[in-house]
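Just so it is clear, none of the values below were taken in a lab; they were calculated from the coordinates. Predicted, not measured: the structure shown is a model, and the values here were computed from it. All Cβ positions, glycine included, derive from the backbone under ideal geometry; neighbour counts span all protein chains shown.
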Amino acid sequence: MQSKEAKEFEEKYKEILFRQIREMCSELTQYIMDLQEIDSKNKLPNLGITLNNKLIELQKEFEKAGLSMFVEEREGYPTDSFLGDAIIADLLDYMEQAIHNLDEYTYSLQHSFEENMKQNSIWEKIKSWFQPHKQTQPLLTAGKTNLQTYQKIDEKLWNYNLRENIVSSVAMQIKKKKYNAYYVPSIVKEFVTPDLQKLGLDDLIPDLEEKIVEEYKKDLPDPEIYAMSKEDMYLFVPDFSRKDESFPIQNQTRNIEENTITLEDLAFIDRTVNALERQLGIQAIQKERTQPTQENQKEDKEISK
C-alpha cells in the first residue's frame, strides 16, 4: 500500500514525463509531415507515440505485480523505482538514437538540395529534382540508411518486453551510473531482486549477474599496470559469489538516491520538442521549391535555393 507521499511523488513524475512525451509526439508529427512533403515515399512512424504506448503497457505489467514502475519507498521516503529507472533510461536512449538518425537524414536532404541547386541552367536544376547530382548520391544513400535505422529503432521500442530486455536495461543502467563494483551485488540483492521476484522474472537473476560482470569487465584495467591480484578483482568486477555481510546498506541507499533519474535526465525530451530549427530548414526547402525569388523572376526565372 503506497503512502500519500509516494502517490503524490508518482503522480508528479508521471505528469512531467507523459506531458513531455505528448509534446514530443506533436512536434515529431509536424516534422515527419514536413519530410514527407519533400519525399512522399518515406512513411515514417512517430516514435513518440510508440514510446508513450510502450510505457503505458509496461506500467500495467508492474501494477499487475503489485509494483509501481515510477516510485518505491526506501527507509520511509518515496524515490524512483530502480527497475523503472533502468527501463525508462533504456527507452530514452532508443529515442535519442532515433532522433539523431532523423537529424542526419534531414542534413543529407538539405545538403543534396543545396548541391543540386548549384547547376548553371534552369534545365539542369529541374532535372536535379528527378536525378540527384552524382556528388550528392552518397549523402542520399547515407540518408536512407538513417531512415532505416530510425524505423528499426521504432520496431525495437514496439517489441521491448521485460523478459527479453530487462536484463540488458538493468545491467547498462548500473554500469552507466558507475556504481562501485564492491557494492553492486548488494545493490542487486536489495533493489532489483525483490521486484524481479514479484514480476515473476527471478529466473533471470543469474543472467543479470552474468551480464553485469560482462559489462564491468569491458572496463577492466590492465592487471600488469595496476598490479591487480585475483583476490582484488572484486574491487573492479562485481563478485556475486562473495558472502560478505559488511556492505554498508545505508551508504549504498544514499548512493542509489543520488543516481536515480532526475528531471535533468529527461532534458533530451525538451531538446526533441524544440525542433523548430530542423522544421525551419525543411520548410525553407519547401518554400524555395514552390516560390521563385523576386530577383530570379526579374533575371531568368530560375528556381533558386
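Provide the gained length on full extension for the span residue 41 to residue 241, in nm with one decimal, where the gain is 0.36 nm per separating residue minus the Cα-Cα distance. Walk me through the numbers before you get to the answer.
Working: separation 200, 0.36 × 200 = 72.00 nm, distance 5.53 nm.
Fully extending the segment from residue 41 to residue 241 adds 66.5 nm.
Using Cβ counts within 10 Å as a stand-in for footprinting exposure, how do 26, 81 rank, fewest first?
Working: 26 14, 81 23.
Starting with the residue having the fewest Cβ neighbours, the order is 26, 81.
Could I get the Rg over Rh figure for segment 1-41? Both from C-alpha atoms, Rh via Kirkwood, rounded to two places.
Numbers: Rg = 17.4 Å, Rh = 12.5 Å.
So for segment 1-41, dividing Rg by the Kirkwood Rh gives 1.40.
Taking the number of other C-beta atoms within 10 Å as the exposure measure, put 74, 242 in order starting with the fewest.
Values: 74 15, 242 11.
Result, fewest neighbours first: 242, 74.
Order by neighbour count: 144, 4, 156, fewest other Cβ atoms within 10 Å first, most last. All intermediate terms of the calculation are to be shown ahead of the outcome.
Numbers: 144 15, 4 8, 156 18.
Fewest to most other Cβ atoms nearby, the residues stand as 4, 144, 156.
So which of 4/177; 54/156; 7/64; 14/60; 41/144 end up more than 19 Å apart by C-alpha?
Working: 4/177 29 Å; 54/156 11 Å; 7/64 17 Å; 14/60 13 Å; 41/144 11 Å.
Violating the 19 Å limit, Cα to Cα: 4/177.
What is segment 21-79's relative contact order, in percent, from Cα pairs under 8 angstrom and six or more apart in sequence? All intermediate terms of the calculation are to be shown ahead of the outcome.
On the way: 29 pairs, mean separation 15.9, N = 59.
Relative contact order of segment 21-79: 27 percent.
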